[in-house]
Structure formats: structure tokens, C-alpha cells
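Some notes on the structure that comes next.
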Amino acid sequence: QVRLVESGGGLVQPGGSLRLSCVASGSILRPYVMGWYRQTPGNQRELVAAITSGGNTNYADSVKGRFSVSRDNYKNLVYLQMNSLKPEDTAVYYCNIRWGRDSYWGQGTQVTVSS
């Protein structure tokens, strides 16, 4: 059993910043990849950013230069620092952890960018 708990979502004005956090617990195998996805109504869940155990990162083109993903391997934590937020960043953000064929999701946290 693996559990992911996200925190840090909320309402922010355009141009503002938010930091999302996600902690994983349970039977976690290493190495693993942790990442953030987002979803808006009627659309598929899309990758925002991901980071490997070795620190390699991958970002969606739409967030490059604005978002930064980091992790604490010892605590099974992953962060998403979101700067220069835009209204189009509004979505439910989901934390993900995966290794091999196993993949687990958090419950999601709402991020709303609006004036």
C-alpha cells in the first residue's frame, strides 16, 4: 500500500507563486520517479514536471522557466515551486510516484489562478 498526500494548493493572483508538496508513504521501491500532473475539466491529465531519484528533471513546455520540481529522497517528498502563475495554470494538480509498472496517485489539490 502506497499513499500520497499533497498540500499547498489554493487561490493566487496572476503573476503570483505557490509551492506544492507531496509526501509518499508505504511500501516504496527504489529507484522511483516522482512527478506532478494536472487536469482540467474535460481534458486528459497531463505531465507538468517529473524528477528521478538521480535528480534528472522533465518539464512540460508550458511551464519551463516558471516551475521547478525538487525532491527529498530520504523523506520521499517532492515539491513543485510554481512562479509567474497564469490563469491557464488553473487545474487540479496530482502527485505521482512510479517504479517499474507500478504507479500511484495522490488525491489532487486545486490550484486556481485568478484576479
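The values are calculated or read from the model by the stated rules, or taken from the named source; none is laboratory data. Since this is a predicted model, take the numbers as computed values, not measurements. When we count neighbours, we look across all protein chains shown, and the Cβ atoms used for this are built from the backbone with ideal geometry, even at glycine. With ligands, DNA and RNA removed, areas are computed over all heavy atoms of the protein, side chains included. Shrake-Rupley method; radii C 1.70, N 1.55, O 1.52, S 1.80 Å.
Scanning segment 83-115 for residues that are touching a residue at least 40 places away in the same chain (Cβ under 8 Å) and among the small types (Gly, Ala, Ser), which turns out most open to solvent (accessible area, probe 1.4 Å)? The qualifying residue most open to solvent (accessible area, probe 1.4 Å) is Ser115. For the condition touching a strand residue (DSSP E or B) at 6+ places or on another chain (Cβ under 6 Å) and within 17 Å of Thr112 (Cβ to Cβ), Arg19 qualifies.
Scanning segment 46-75 for residues that are under 28 Å from Ser115 (Cβ atoms) and not in a loop (DSSP other than H, G, I, E, B) yields Glu46, Leu47, Val48, Ala49, Tyr59, Asp61, Ser62, Val63, Phe67, Ser68, Val69. Starting from residues that are out of contact with any helix residue (DSSP H, G or I) (no Cβ under 8 Å at 6 or more places or on another chain), closer than 25 Å to Asp72 by Cα and not β-branched (Val, Ile, Thr), keep the ones in segment 40-55 and report whichever is least open to solvent (accessible area, probe 1.4 Å). By that ranking, first place goes to Ala50.
Among the residues that make up segment 38-59, is at least one of them farther than 23 Å from Val23 by Cβ and among the acidic types (Asp, Glu)? Taking every residue of segment 38-59 in turn, none turns out to be farther than 23 Å from Val23 by Cβ and among the acidic types (Asp, Glu). Which ones in segment 1-39 are in a loop (DSSP other than H, G, I, E, B), of a type in the set (Ser, Thr, Tyr), closer than 20 Å to Val69 by Cβ and open to solvent by 30 Å² or more (accessible area, probe 1.4 Å)? Of everything in segment 1-39, just one residue is in a loop (DSSP other than H, G, I, E, B), of a type in the set (Ser, Thr, Tyr), closer than 20 Å to Val69 by Cβ and open to solvent by 30 Å² or more (accessible area, probe 1.4 Å), namely Ser17.
Screening Val78 on (1) more than 17 Å from Thr112 (Cβ to Cβ); (2) over 11 Å from the mean Cα position of the chain (by Cα); (3) in contact (Cβ under 8 Å) with a residue 24 or more places away in the chain shows it passes everything except condition (2).
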